Structure formats: structure tokens, C-alpha cells
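The values are calculated or read from the model by the stated rules, or taken from the named source; none is laboratory data. Keep in mind that what you see is a predicted model, and the values were worked out from it rather than measured. Please note: Cβ atoms are built from the backbone with ideal geometry, for glycine as well, and neighbour counts cover all protein chains shown.
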Amino acid sequence: MKLFDPIRLRELPLANRIVVSPMCQYSAIEGRASDWHLIHWGQMLMSGAGLFVIEATAVSAEGRITPGCLGLYDDACEDALGIALERARRQAPPTAVGMQLAHAGRKGSSHVPWEGGQLIPRDRGGWTPLAPSAVAHAAHEPPPAALDNDGLARIRDAFVAAAHRAARAGIDALELHMAHGYLLHEFLSPLANRRTDAYGGDFERRIRFPLEVFDAVRSAWPAARPLGVRLSCTDWVDGGWTLDESIDLARRLAARGCDWLDASSGGVSPAQKIPLAPGYQVPFSREIRRATGLATMAVGLITQAEQAQHIVAAGDADLIAMARAFLWDPRWVWHAANALGASVQPPSQYSRAAPRDAAGVFASAKVGQR
């Protein structure tokens, strides 16, 4: 396999194996996409990546991380998303668009990162976060409200409703967020899930609610469109969620119709100790892919074209997902194609951009409407 080889997820063809990873922009208004999203999505759709995944999108208002987070929980959110996405797509070469559906769990009601990221008190415009158990993320924070069975049913149904809205908006692929300390990850991890009912305790009970959500969304989502999962493959904390558990869960997800596993890690505890290094999460992708046969995305400090090519060629992942690399260089794919002797399709308006020593990087051009 090569980085610029095409790949198909169900009936969705991707021109290459490069993915713009979902990145929170904290720029929505009451969950609704704004002009910022139009500009940001337009840049990412012209990047040349095979798949662009829209940021973590809350399935309910209390499921937002911050008041500025994107949502898909009412008609106004759906209308704003559809208009902004249609306008961004109209100007760009054909690119598959995914969306990550999420619920923030006990990390909800937070300030945006550049304002400190701390929880917002209710008397200052915040709300009460929801979680599997009344266990705070950090010792200095107030505990969230533990979900009862009615609350679980409402959240499961909210994921389903958001999937229907995403389908109507023309989203090509969905990813369920089971990582980074948000609600579905909180159910998986014994560090956050202290329940003593059917949804907490041993492995089988901790995975029950995330699998119920997956099954419900897979049933609601069109059969031809792919559905993946982002998973924190380890908590990086003794006594937390492990890679072996991730492999077991991945097998069950594959049997239920999961199309890829986005192999990330951490986020559920401030006590985590992450050994940051280039490609530090690639072993998770490799082990899950080899143990389960499920397609995987590698993510995390992958920044160089040759590095990404090696990961794919070695069979460590089927897809390479990057986030901040695209914020720093929205033309990363163009430069990688030039370095690896591949080609991309730019908008016609940019077809004269390549310097002479990269003249072969543009295979053809697609005219955007003006």
C-alpha cells in the first residue's frame, strides 16, 4: 500500500489515504455552524485529502464541550450545517466529508481552551455535565450528574437523531467519539465508570452502553455509508482502559459493521503519563489492525510525508489522520504528493500554483462555481 493509493469504505471511494482529523473550532453559535466554519471547511476541502472529518459535533446541547462547540441537535443546527457545508463544497474539488458525533460527558460546560478550559459554573452560563458516575475529571472540579436509565436512553436516541440529520445534510461518513475522556470513553474506562448496575463494573458491562449507541447509529445510518469509531486505546494510567481491551472491543465493533477504528489514546484522567514522540500512537493502530482485520487510522504526531508513507506501506494503518499539521499547512497533501511522486487535483483557480520543480503534482483541475 502507498499513501496516495485510493481506498473504499463501503461504497465511499477515497482518492487517497490521508484524512483531515476532526478538530474542534469552538466557533459555533448555540451549536450552529458560523462563517468561521465556512472558511475553515473550504480550506480543508481544498487540501487534497481523501477525507475531511468535521469536528466533534454534539448530539445534545449539554453534550457540547464548550458553549462554542458545533452541534446537530435541532433544526437550526441542521439548517446552518447544511447551508455552510453546501457553500463550502460548491467551491472545492470533490472530497468526501465525514463528521464526528460526540457527547462531552463530564468534560462539558467548559471554557474554550484559550480562556483556560476550566468548567463554567452554572451561575456564569454553564450547565451540569452528565457522566456514567458522579466522579469529577479533576479533583478540584465539582462532580457531574450520574446518568440514570432514562438519561442513557435520551442520549442514545440523540445520537440516532443526529445521524439522521447528518444524512440529510449530505455527510458521507460518520465517526463515533469513544475517546479523549468524553462520555462514551467514560463508560469504557474504570477510572470514570464506577457504576454498579448493568452499565458498570467488569469489561462486558462497561462496553454495553457504547455498543448500544453504535448499534443504534449503525441501524439509523444509511447502509451504504461508512461508520467508524475513534477510540482511546489506552488511558496511560495504571488501572485504566488498556490496549487488550481495545482489541476486544474492536473485534465486536467489526462484527457489528464498524468500518474503521481511529486509534488515539488518553484524555480521561489528569494522571495520564503519555510518552510523546513522533508516531507514538501508531503501535495501537498496528496491533488492532493485525489482531482484528479492521481498517485503522493512525493519528498523533505524524507530520512528514515519508513518515506517513512508511506507516501505510508497513501495514500499520490503512489511513493517516492529521489535525494540527493541516492548520499549520493546509496544502500538506500537495507538498506530500510532490515529495512522494504522486499527484492531486486542485481547483482550476489554483492550477498555476505549482513551482516548476513540482509541475507534475497537479493531475487535473476542477473548476469551482463562482
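Yes or no: segment 72-91 includes at least one residue that is on the phi < 0 side of the Ramachandran plot and in contact with a Ser or Thr (Cβ under 6 Å, 6 or more places away or on another chain). Checked against the condition, which is being on the phi < 0 side of the Ramachandran plot and in contact with a Ser or Thr (Cβ under 6 Å, 6 or more places away or on another chain), segment 72-91 yields at least one hit. Of the residues making up segment 5-32, those that are touching a helix residue (DSSP H, G or I) at 6+ places or on another chain (Cβ under 7 Å) and closer than 25 Å to Ala224 by Cβ are Arg17, Ile18, Val20. The single condition from (1) among the hydrophobic types (A, V, I, L, M, F, W, C); (2) surrounded by fewer than 17 Cβ atoms within 10 Å (Cβ to Cβ); (3) under 24 Å from Arg230 (Cβ atoms) that Ala61 fails is (2). When restricted to residues that are closer than 19 Å to Thr242 by Cβ and of a type in the set (D, E, K, R), segment 258-279 contains 2. Of all residues in segment 248-305, those being in a helix (DSSP H, G or I) and either under 23 Å from His137 (Cβ atoms) or small (Gly, Ala, Ser) (or both) number 8. Scanning segment 17-40 for residues that are surrounded by 24 or more Cβ atoms within 10 Å (Cβ to Cβ) and of a type in the set (A, V, I, L, M, F, W, C) yields Ile18, Val19, Val20, Ala28, Ala33. Looking at Ser269, Ser264, Ser246, Ser285, just one residue is in contact with a helix residue (DSSP H, G or I) (Cβ under 9 Å, 6 or more places away or on another chain) and farther than 20 Å from Phe52 by Cα, and that residue is Ser246.
Within segment 1-13, residues that are in contact (Cβ under 8 Å) with a residue 24 or more places away in the chain sit with their Cβ atoms under 6 Å from residues that are loosely packed, with under 15 Cβ neighbours inside 10 Å and assigned to a loop (DSSP other than H, G, I, E, B), at 6+ positions apart or across chains, in these pairs: Arg10/Ala224; Glu11/Ala224. Which pairs have Cβ atoms under 6 Å, sit 6 or more apart or on different chains, and link a residue in segment 277-293 that is acidic (Asp, Glu) to one that is at pLDDT 95 or above and outside any helix (DSSP H, G or I)? Here the result reads none, with nothing in segment 277-293 linked to a residue that is at pLDDT 95 or above and outside any helix (DSSP H, G or I).
Looking at segment 132-147 only, could you name the residues that are assigned to a loop (DSSP other than H, G, I, E, B) and among the small types (Gly, Ala, Ser)? Lay out the reasoning, then the answer.
Of all residues in segment 132-147, those assigned to a loop (DSSP other than H, G, I, E, B) come to 132-144, 147.
The answer is Ser133, Ala134, Ala136, Ala138, Ala139.
Counting only residues that are out of contact with any Phe, Trp or Tyr (no Cβ under 9 Å at 6 or more places or on another chain), touching a residue at least 60 places away in the same chain (Cβ under 8 Å), farther than 15 Å from Tyr182 by Cα and of a type outside the set (Asp, Glu), how many does segment 224-268 have? Matching residues across segment 224-268 total 3. If you scan segment 317-328, which residues turn out to be part of a loop (DSSP other than H, G, I, E, B), within 25 Å of Gly341 (Cβ to Cβ) and either of a type in the set (A, V, I, L, M, F, W, C) or more than 19 Å from the chain's Cα centre (by Cα) (or both)? Scanning segment 317-328 gives a single hit, Ala317.
Return a yes/no flag: does segment 148-161 have any residue that is part of a loop (DSSP other than H, G, I, E, B) and touching a helix residue (DSSP H, G or I) at 6+ places or on another chain (Cβ under 9 Å). Among the residues of segment 148-161, not one is part of a loop (DSSP other than H, G, I, E, B) and touching a helix residue (DSSP H, G or I) at 6+ places or on another chain (Cβ under 9 Å), which makes the answer no. If you go through segment 154-192 and keep only what is under 13 Å from the mean Cα position of the chain (by Cα) and surrounded by fewer than 22 Cβ atoms within 10 Å (Cβ to Cβ), you end up with just His180.
Residues are listed down the side, and each one gets a yes or a no for (1) modelled with pLDDT of 95 or more; (2) touching a Ser or Thr at 6+ places or on another chain (Cβ under 6 Å); (3) surrounded by 23 or more Cβ atoms within 10 Å (Cβ to Cβ):
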| residue | (1), (2), (3) |
| --- | --- |
| Cys233 | yes, yes, yes |
| Ser246 | yes, no, yes |
| Arg252 | yes, no, no |
| Asp262 | yes, no, yes |
| Ala271 | yes, no, no |
| Ala277 | yes, no, no |
| Ile288 | yes, yes, yes |
| Ala291 | yes, no, no |
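Scanning segment 72-83 for residues being crowded, with 23+ Cβ neighbours inside 10 Å and not in a helix (DSSP H, G or I) gives a total of 1.
Could you grab me the full set of residues in segment 61-71 that are under 22 Å from Val19 (Cα atoms) and in a loop (DSSP other than H, G, I, E, B)? Explain how you work it out, then say what you get.
Taking segment 61-71 first, the residues under 22 Å from Val19 (Cα atoms) are 69-71.
Those that are under 22 Å from Val19 (Cα atoms) and in a loop (DSSP other than H, G, I, E, B): Cys69, Leu70.
Of all residues being of a type in the set (Gly, Ala, Ser), in contact with a helix residue (DSSP H, G or I) (Cβ under 8 Å, 6 or more places away or on another chain) and part of a loop (DSSP other than H, G, I, E, B) in segment 84-125, which is nearest to Gly228 (Cα to Cα)? Just the residue, please. If we take residues in segment 84-125 being of a type in the set (Gly, Ala, Ser), in contact with a helix residue (DSSP H, G or I) (Cβ under 8 Å, 6 or more places away or on another chain) and part of a loop (DSSP other than H, G, I, E, B), then Ala104 is nearest to Gly228 (Cα to Cα).
Considering only residues that are surrounded by fewer than 20 Cβ atoms within 10 Å (Cβ to Cβ), in contact (Cβ under 8 Å) with a residue 24 or more places away in the chain and of a type outside the set (Gly, Ala, Ser), which ones fall in segment 198-215? Working first, answer last.
Within segment 198-215, the subset surrounded by fewer than 20 Cβ atoms within 10 Å (Cβ to Cβ) is 198, 200-205, 208, 211-212, 215.
Still in the running and in contact (Cβ under 8 Å) with a residue 24 or more places away in the chain: 200, 203, 211-212, 215.
Those that are surrounded by fewer than 20 Cβ atoms within 10 Å (Cβ to Cβ), in contact (Cβ under 8 Å) with a residue 24 or more places away in the chain and of a type outside the set (Gly, Ala, Ser): Phe203, Leu211, Glu212, Asp215.
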